[in-house]
Amino acid sequence: MKRLTTLASIVGLGTALALFLSSGVSDVTAAVVSAGWGTLAVVLARFLAVAWAGLGWHVVFPRGAGPTLRDCISLRFVREGINTLLPVAQVGGDLIGARLLTRRGTPGGMAGASMFVDLMTQAVTQLVFTIAGLLLLMQITGDGPLVRTVAGGVLLAIPALAAFYVIQRRSGHRLIEAALSRFAAGREWRALGAIEVLYENLRRLYGNRARVGAALLIHLAGWVVGTVEVWIALNAMGYSISFVDALVIESLAQAVRGAAFVVPGAIGAQEGGLIALGALFGIPAEAALALSLVKRVADLSVGLPSLALWNLMERRTAASSEPETAEAVREGLGAIRARLGRRPGPAPLAPAYGYPAARNPAVLSPDNEAGALQKCA
């Protein structure tokens with residue numbers, strides 16, 4: 001997987017570089033500069049979108065059984081920074097977010113289950129968002145190669161998404177149990193116990209349909225917030241597009257990013273997708289590449305502080321665990337001292353002349369002490 005990610009990154013960088021060179025670096029730079037205040041607005045919109053996604057994660061927890069909204073938002077930023085800027089195939093940040101959540105008092109089974117439910121609700125709403133953009137594109141341009149390509153991708157995404165959901169239900173549980181029973185030999189009971197807890201929490205979270213429905217609505221609104229980025233950036237560059245046109249561009253561009261999940265940041269794929277989509281609305285290639293660069297600025301503006309926040313969280317966790325470790329060591333040393341401080345009984349006599357010493361030698365009474373012997377003398 002690491003080699004595949006590295007190879008995909010090299011191909012993506014080469015593709016992006018070729019697109020910039022073919023479009024003219026000076027023209028792209030001029031388009032970026034023309035965005036002006038729009039770049040700052042896009043960055044602010046990205047911060048809002050990530051925080052809003054944190055709210056969507058928070059609502060899936062049962063009342064009183066989950067973390068605070070602040071924890072969900074801060075860890076959602078950590079997830080975003082890792083998935084966007086690091087070569088982790090856009091899922092490593094979610095696993096790290098679940099692990100950090102356990103360090104804030106959430107049980108491991110609940111943290112892992114919430115991560116799966118959050119990913120599921122995001123994937124479902126992104127699919128709905130993509131289908132909406134595809135239908136709008138068909139009304140605007142009619143049938144065409146791009147429409148058929150996107151439709152084919154949607155048809156492939158639906159069974160994949162259904163399989164991801166099935167894995168989280170009881171049938172997927174049995175598949176994992178069978179695999180572990182075959183390959184884990186006599187140690188599978190430990191993993192199966194953890195899986196039992198995970199699936200029990202999954203049933204609990206999916207069983208609360210009101211909260212899952214709220215998460216779906218929140219994430220769907222979050223995808224629409226991303227449309228604001230495209231609409232603001234292009235209008236700031238001087239291209240008057242409607243919000244509907246921006247929704248089509250953003251929805252299908254996000255679908256391209258999702259398909260290129262192996263490439264960190266979807267480098268190359270995002271640029272090529274925006275050029276193809278922008279051409280449908282009369283946006284030249286240099287403006288589409290400038291839009292991609294503005295989005296990259298938002299990626300870095302959100303991702304770099306999020307990575308710094310992740311580092312700070314890890315350091316705080318390590319620092320907080322040191323006193324507990326030191327306390328455990330002190331308790332252990334205290335127990336050892338208590339044992340060593342006990343007055344030992346008399347040592348058994350060594351065997352002499354081949355006769356073994358008595359197992360329970362009697363303790364000398366006061367009458368047998370040296371003073372008593374002197375009295376007898």
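Rounded to the nearest 0.05, what FRET efficiency is calculated for residue 158 and residue 259 with R0 set to 22 Å and r the Cβ-Cβ distance?
It comes out at approximately 0.95.
Under the Karplus relation 6.51 cos²θ - 1.76 cosθ + 1.60, θ = phi - 60°, what is the ordered set of whole-Hz ³J(HN,Hα) values for region 64-72, x standing for Gly and Pro?
Here the 3J(HN,Hα) series is x, 10, x, x, 6, 4, 4, 5, 5 Hz.
Show 79, 296 ordered by accessible area, largest first, where the area counts protein heavy atoms only and the probe is 1.4 Å.
296, 79
Under the classification rounded if a/c is under 1.5, otherwise prolate if a/b is larger than b/c and oblate if not, where does region 201-323 fall, given a ≥ b ≥ c as square roots of the Cα gyration tensor eigenvalues?
oblate
Could you order 299, 245, 143 so the one with the most accessible surface comes first? Probe is 1.4 Å.
143, 245, 299
Measuring from label point to label point, each 7 Å out along Cα→Cβ, what is the residue 166 to residue 315 span in nm?
4.8
Under a plain spin-label model, where a point goes 7 Å from the Cα along Cα-to-Cβ, how far apart in nm are residue 225 and residue 140?
That separation, rounded to one decimal, is 2.3 nm.
Mind giving me the nanometre distance, one decimal, between the label points for residue 204 and residue 68, set 7 Å out from Cα along Cα→Cβ?
Here the modelled spin labels are 2.2 nm apart.
Return the whole-Å distance between the Cα centroid of region 102-171 and the Cα centroid of region 216-231.
Comparing the Cα centres of region 102-171 and region 216-231, I get a distance of 15 Å.
The values are calculated or read from the model by the stated rules, or taken from the named source; none is laboratory data. Note that the coordinates shown come from a computational prediction; the quantities given were computed from them, not determined experimentally. Using ideal geometry, Cβ is built from the backbone for each residue, glycine included, and neighbour counts are taken over all protein chains shown. For the accessible areas, the whole protein counts, side chains as well, though only heavy atoms, and no ligand, DNA or RNA atoms are used. Shrake-Rupley method; radii C 1.70, N 1.55, O 1.52, S 1.80 Å.
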